[in-house]
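A short worksheet on the structure shown next.
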């Protein structure tokens, strides 16, 4: 027995020496990880447990467990009354769900892609977003529209648009854009409880990504406020971004630090509407330089709105250089993988923009 213990601890020591996680060191570590997919799934399951009025509706959400397996296991757990498969008709399923919300239920509508929400834009915008105002505050519409948004890999121009700016321009609508598992879980639970209509824009390429989470995040009572989060503290330049571009911005910040000695602050917006303007103002005051990063088209985008907010606030007086936007290309998204890669931000394009703002050769 003693020799067995000696071998175990010798193995752990070797693992630690070479930076490898051995079996025992894995058990001793307190850090937990969760994928974005599991974060979304658990958030919906807990809110359905909490409130019998919450139900899920969409194409293939039930028997197929969701096109991206985000609703996996929910049909078996809650049954056909609360996990509802529909025909391929976004206008129909969204209209049915909005009607249910107007009668007091709390639907979660899954669009297989937010590009398909264009088929239901009248239901989302005219019926869901505007009814509370047009009824003089007497008729609420508690509903969440969620699903993958923006480009994936090789899905063509008609399936690759980012709708952050589209829906962010609509009064009466809240628009959330999670990055991490913590974001996904906390923001989705908050959205489901929100008495207002919410558009919840996920990123398909983040579904399988794992993130460290705390015990607090696993609590059934965990929700997040609609505020931005500083993912990395910095003092020289602010990178304001959201969803998958947070990942690229963090990588760019590492490059800026190691190669140029630049301390970059990375701000994860998490919310497009209502935008956390105070967080944007505060980071500009801190670093005096800013770039924005998004995968939308450059015209009339989220970055344009952020810059306008800065220009219209006291933050403008703190700027030492013009703000630069890093965006998607001003073309329909290419199908060809090599061209598609050129069409969207990556760490290198973010670094170039930061160097330009800081006048680094």
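Observations
- In the stretch 158-238, counting only strands (runs of 3 or more DSSP E) that sit wholly within it, the ones holding 2 or more residues that are touching a residue at least 60 places away in the same chain (Cβ under 8 Å) span 174-176, 198-202, 210-213.
- If you go through the stretch 152-183 and keep only what is at pLDDT below 95 and either in contact with a strand residue (DSSP E or B) (Cβ under 7 Å, 6 or more places away or on another chain) or at positive phi (or both), you end up with 154, 156.
- On inspection, residue 136 qualifies as assigned by TED's automatic domain parsing to the domain that holds residue 188, surrounded by fewer than 24 Cβ atoms within 10 Å (Cβ to Cβ) and out of contact with any helix residue (DSSP H, G or I) (no Cβ under 9 Å at 6 or more places or on another chain).
- Residues of the stretch 319-347 that are touching a residue at least 60 places away in the same chain (Cβ under 8 Å) and part of a helix (DSSP H, G or I): 337, 340, 347.
- Residue ID - farthest from residue 358 (Cα to Cα), chosen from residues in the stretch 284-299 that are over 20 Å from the mean Cα position of the chain (by Cα) and part of a loop (DSSP other than H, G, I, E, B): 299
- Among the residues of the stretch 40-68, those identified as assigned to a loop (DSSP other than H, G, I, E, B) and out of contact with any helix residue (DSSP H, G or I) (no Cβ under 6 Å at 6 or more places or on another chain) are 51, 52, 53, 59, 60, 61, 63, 64, 65, 66, 67, 68.
- Residues in the stretch 313-352 that are within 21 Å of residue 237 (Cβ to Cβ) and over 23 Å from the mean Cα position of the chain (by Cα): 313, 314, 315, 316, 317, 318, 319, 320, 321, 322, 323, 352.
- Count of residues meeting criterion [under 14 Å from the mean Cα position of the chain (by Cα), farther than 16 Å from residue 41 by Cα and surrounded by fewer than 24 Cβ atoms within 10 Å (Cβ to Cβ)] in the stretch 169-204: 1
- Check on residue 281, surrounded by fewer than 20 Cβ atoms within 10 Å (Cβ to Cβ) and either part of a loop (DSSP other than H, G, I, E, B) or touching a helix residue (DSSP H, G or I) at 6+ places or on another chain (Cβ under 9 Å) (or both): yes
- Matching entry among 110, 46 (being at pLDDT 95 or above, assigned by TED's automatic domain parsing to the domain that holds residue 164, surrounded by 14 or more Cβ atoms within 10 Å (Cβ to Cβ) and touching a strand residue (DSSP E or B) at 6+ places or on another chain (Cβ under 9 Å)): 110
The values are calculated or read from the model by the stated rules, or taken from the named source; none is laboratory data. Just so it is clear, the structure is predicted and the values come from calculations on it, not from any experiment. For neighbour counting, all protein chains shown are included, and Cβ atoms are generated from backbone atoms with ideal geometry for every residue, glycine included.
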